[in-house]
1. With Cβ to Cβ distances under 14 Å as the rule, what net charge do the other residues near L236 carry (K, R +1; D, E -1)?
2. Loop only per DSSP, at most 15 neighbouring Cβ atoms within 10 Å: give me the chymotrypsin sites (Phe, Trp or Tyr not before Pro) in the range 116-190, ordered by residue number.
3. Which three lengths, in whole Å and largest first, does the range 2-247 cover when its Cα atoms are put on their principal axes?
4. Once the dipole of the range 117-222 is set up with Lys and Arg at +1 and Asp and Glu at -1 on Cβ about the Cα centre, which of L126, I143, P193 lies farthest towards its positive end?
5. To the nearest 20 debye, what is the magnitude of the charge dipole of the range 119-190 about its Cα centre, counting +1 on the Cβ of each Lys and Arg and -1 on the Cβ of each Asp and Glu?
6. How many angstrom lie between the Cα centre of the range 166-187 and the Cα centre of the range 229-261?
7. Quick one: which of K176/K259; K42/K178; K178/K256 span more than 31 angstrom between C-alpha atoms?
8. Hey, got the dipole for the range 2-247? About the Cα centre, +1 on K and R Cβ, -1 on D and E Cβ, debye to the nearest 20?
Amino acid sequence: MLSIVSIFIGLILLIFVSLSFHIKELAQPLLFADLNCIIYGKFLYVPLVAMYNWFIASIAIERALVACSSNYGLHDSRRRSIIASIIIIIICPLSILPGVFTVRQNQSAQLRPVQCMNFTPLGYILFQTVTRIHVFAFYLLYIIMNILVLGHLFRHRRRFVDADSLPAQVYLILRKHKDFFIPYLVQTLGGLPSTIMDFIMTCSMAYTSLAARLTIAFLILQTLPFIITFYLYIYLSPVYWTEFLHSSPIGKCLMKMNKKMHTAFHYKTVKNDNLSEMRY
C-alpha cells in the first residue's frame with residue numbers, strides 16, 4: 001500500500017508542478033486552477049499524503065514492537081497489518097473535510113487559485129486541527145519509535161561489548177540497523193523544512209526571491225522520499241525484500257527473470273567450456 005500511495009503522490013506532484021510553470025501557456029488556465037484546487041489543494045493529494053505518513057508511522061511502530069518485544073515478529077499473521085491499513089484508509093480521507101467549508105463565492109479569476117484555501121471560520125479550525133495532527137503526530141511517533149529502538153539496541157549491545165565508547169556504539173548500531181533508521185531520517189529531513197516554512201511564512205516574506213528559491217528547494221526535498229520509497233522501506237530491509245520477492249507478483253516475476261538469466265548464463269558458460277575442451 002505504501003508504494004502504491006507514493007506512486008500516486010509522485011504522479012500528482014509531477015503533473016501539477018510541471019504544468020504550474022507553464023500555466024500562462026495553457027489554453028484554459030482557469031480550468032487548470034480549478035483542477036489544481038480540487039485535486040491538489042483539497043480532495044485527493046491531502047488524504048494521500050496523510051495515508052503515506054501514517055503507513056510509515058505504522059511500519060515504525062511494527063518495527064519497534066518487533067525489536068523491543070519477543071511477543072511480536074515480522075513473520076506474524078498479516079491480520080495486524082491489514083487492520084492498521086483499513087483504519088488508515090478510512091480515517092485519512094476525513095482530511096478533506098476542511099475543503100468542504102471553503103468560500104468560493106464572488107471571487108475574481110485572478111484570485112481563484114488563492115481562494116481555493118480561503119476557509120470559513122469552521123473550515124479554518126478543522127484545517128489547522130487536521131494538519132497539525134497529520135504533521136506533528138507522525139513526526140512525534142518517528143522520534144519516539146527511533147529512540148525506543150536505539151535505546152533497546154544500545155542496552156542489548158552494552159551487555160556484551162562495554163569497551164567501545166558511546167559514539168562508536170551508536171555508530172555501529174546505526175550502520176548495522178540502517179534499514180530501520182535511514183528511512184525515517186530521510187523522511188524527516190525531506191518533509192520537515194517545508195513544514196517549518198509553511199508555519200513561519202508571512203505575506204511580506206512570500207514575495208521575495210529567497211522565499212521562491214527556498215520553496216523550490218524544499219519541494220524537491222519533500223518529493224525525494226516519495227521517489228525512493230521502495231528503496232527505503234523494502235530494499236534496505238532483508239526481511240521485507242525477501243518477502244517482496246516471494247509473495248508479490250512483481251517479486252515473483254523478478255525471481256523468474258533472474259532464474260532464466262542465471263540458467264542462460266550457466267548454459268553459455270558450460271557451452272564455451274566444452275568448445276574450449278574440444279579445441280585442445
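No value in this document is a laboratory result; all are computed from the given coordinates. Everything quoted here is computed from the prediction, not taken from an experiment. With ideal geometry, Cβ positions are generated from the backbone for all residues, glycine too; neighbour counts draw on all protein chains shown.
1. Values: positive: R63, R175, K176, K178; negative: D179, E243.
Around L236, the surrounding residues sum to +2.
2. none
3. The principal-axis extents, from largest down, are 70, 41, 35 Å.
4. Selected residue: I143.
5. For this selection, approximately 200 debye.
6. The two parts, judged by their Cα centres, are 23 Å apart.
7. Details: K176/K259 29 Å; K42/K178 36 Å; K178/K256 29 Å.
Long pairs (Cα-Cα over 31 Å): K42/K178.
8. 320 debye
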